[in-house]
Amino acid sequence: MTTANLVLLPGDGIGPEVVAEAQKVLERVAKRFGHTFTFSTHLIGGAAIDATGGSLPRTTVDACQASDAVLLGAVGGPKWDDPRAKVRPEQGLLAIRQTLGLYANLRPVRVHPALMAASPIKEDRIAGVDILFVRELTGGLYFGEPRLREKVGDHTRAVDTLVYTDVEIRRVIRMALKLAAGRRKLLTSVDKANVLESSRLWREVAVQVAAEDPSVRLEHQLVDSCAMRLVTAPKSFDVVVTENMFGDILTDEAAVITGSLGLLPSASLGDGTRGLYEPIHGSAPDIAGKGIANPLGTIMSAAMLLRHSLDLEVEARAVELAVDEAVSNGARTADLGGDKSLSTSEMGAAVLARLG
Ligand code: IPM
Ligand code: MG
């Protein structure tokens, strides 16, 4: 029996709606398998700005640090989008990733056979796609210093810094290598080594780390051609590891080829077992509050939480299977198409019904 202290960070937009369904799923898992999960809900993002003035209150950080795992909905929205605003919802997300040391973001991209028609890519190209992205999450352009804007004569100059140390590169490549060893043993390291110095270091370290496990084949790919290969031959990837910004862009591209952005989960991990789990979709302000958001990405994230933070593989699979069956049996929220759409809570109920 496992006892776990779980923090929920619903955030903004559809975040609260989808997190509520995932919480029900976790509660059902606890009941069915005899575990005790306790939940506490905290503020992040725009909701935190409105309530406290900051995007990541100290109480939220403390609760996350004292937890076994964190489940997050989404942050951001038009209300907080003024480019000149001093505080932004996204800062809260970046800060919690960094504070918890979550340097690797796992984004599995699978195509559900029943949803292939929703993909913009032809079915024969995407049938059987099974990619695991490992995105570096606490370095690169997102965090590099200096970061500034200044007046230079009559003009304005803005600076972001792309910086990586060998230590930051090594730990994320090592995690990706281990994950590849447990899968189809192909590791694609994505960089821009023909232009960027940080990418040349990335490539060098990737070669060193990959030598630790010769059973995994390491290949290098430039980020621009990787973007093309994702649409032309997505089946040719197994594990893809890349730096923060490239990973942000490529994973949105990869998600959309599955035809079901709303179904994809992610896990952000560091050296310990504590992780942060979130669907890869955003806060979808256009549909927030309507009760029509797809909760499956968050429910699948809860499955990853069970697997990676609580070491509950059987339970994780049970949740994934329940989602799979619900979708196979025609359960569809509006984003997945079909003429009879389920609401957020009806979709949640469809999963619960299959969890027993
Ligand atoms: C993501 C999101 C975030 C990111 C934003 C909301 C800061 O796009 O998780 O991919 O860029 O990392
Ligand atoms: Mg993104």
ask   = Only one of Leu222, Leu250 is away from ligand 2 (no atom under 13 Å from the Cβ) and surrounded by 14 or more Cβ atoms within 10 Å (Cβ to Cβ); which?
value = Leu222
ask   = Looking at Ile299, Ile280, Ile292, Ile287, which one is under 28 Å from Ala95 (Cα atoms), of a type outside the set (Asp, Glu), away from ligand 1 (no atom under 16 Å from the Cβ) and touching a helix residue (DSSP H, G or I) at 6+ places or on another chain (Cβ under 7 Å)?
value = Ile299
note = Looking across segment 28-62 at residues that are assigned to a helix (DSSP H, G or I) and within 17 Å of Ser309 (Cβ to Cβ), the single one that is farthest from ligand 2 (Cβ to nearest atom) is Phe33
ask   = Looking at this structure, is Glu212 assigned by TED's automatic domain parsing to the domain that holds Tyr142 and away from ligand 1 (no atom under 12 Å from the Cβ)?
value = yes
message = Could you tell me how many of the residues in segment 96-134 are in contact with an Asp or Glu (Cβ under 8 Å, 6 or more places away or on another chain), of a type in the set (Val, Ile, Thr) and surrounded by fewer than 20 Cβ atoms within 10 Å (Cβ to Cβ)?
response = 0
task = Kindly provide the set of residues from segment 256-292 that are within 12 Å of the chain's Cα centre (by Cα) and surrounded by fewer than 22 Cβ atoms within 10 Å (Cβ to Cβ), ordered by number.
result = Leu261, Gly282
request  = Within segment 254-281, track down each residue that is modelled with pLDDT under 95 and not hydrophobic (A, V, I, L, M, F, W, C).
outcome  = Thr258, Gly259, Ser260, Gly262, His281
task = Go through segment 167-195 residue by residue and tally those that are in a loop (DSSP other than H, G, I, E, B) and over 16 Å from Ala227 (Cβ atoms).
result = 4
request  = Give me a count of the residues in segment 253-279 that are farther than 26 Å from Lys340 by Cβ and within 16 Å of ligand 2 (Cβ to nearest atom).
outcome  = 8
request  = Look at His112 and say whether it is more than 14 Å from ligand 1 (Cβ to nearest atom), at pLDDT below 95 and of a type outside the set (Gly, Ala, Ser).
outcome  = yes
ask   = Restricting the first residue to segment 233-257 and requiring it to be more than 18 Å from Asp191 (Cβ to Cβ), which pairs with a second residue that is more than 12 Å from ligand 1 (Cβ to nearest atom) and hydroxyl-bearing (Ser, Thr, Tyr) meet a Cβ separation below 6 Å and a spacing of at least six or different chains?
value = Ile257/Ser119
request  = Pull up segment 78-95, narrow it to residues that are away from ligand 2 (no atom under 15 Å from the Cβ) and of a type in the set (A, V, I, L, M), then point me to the one that is nearest to the chain's Cα centre (by Cα).
outcome  = Ala95
task = Can you run down the residue pairs with Cβ atoms below 7 Å, 6 or more apart or on separate chains, where the first is in segment 270-287 and farther than 15 Å from Leu106 by Cα and the partner is in a helix (DSSP H, G or I)?
result = Ser283/Gly15; Pro285/Pro78
query = Within segment 63-77, can you find the residues that are assigned to a strand (DSSP E or B) and away from ligand 2 (no atom under 16 Å from the Cβ)?
reply = Ala69, Val70, Leu71
ask   = With Arg157, Arg147, Arg184 as the choices, which residue is within 24 Å of Leu102 (Cβ to Cβ) and basic (Lys, Arg)?
value = Arg147
ask   = Looking at Arg135, Arg125, which is the one that is in contact (Cβ under 8 Å) with a residue 60 or more places away in the chain, under 12 Å from Lys235 (Cα atoms), among the charged types (D, E, K, R) and in the same structural domain as Ser199 (by TED's automatic domain parsing)?
value = Arg125
task = Starting from residues that are within 12 Å of ligand 1 (Cβ to nearest atom) and of a type in the set (S, T, N, Q), keep the ones in segment 264-277 and report whichever is nearest to Ile169 (Cα to Cα).
result = Ser268
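The values are calculated or read from the model by the stated rules, or taken from the named source; none is laboratory data. This is a predicted model, so every value here is computed, not measured. Note: ideal-geometry Cβ built from the backbone for every residue, glycine included; neighbour counts use all protein chains shown.
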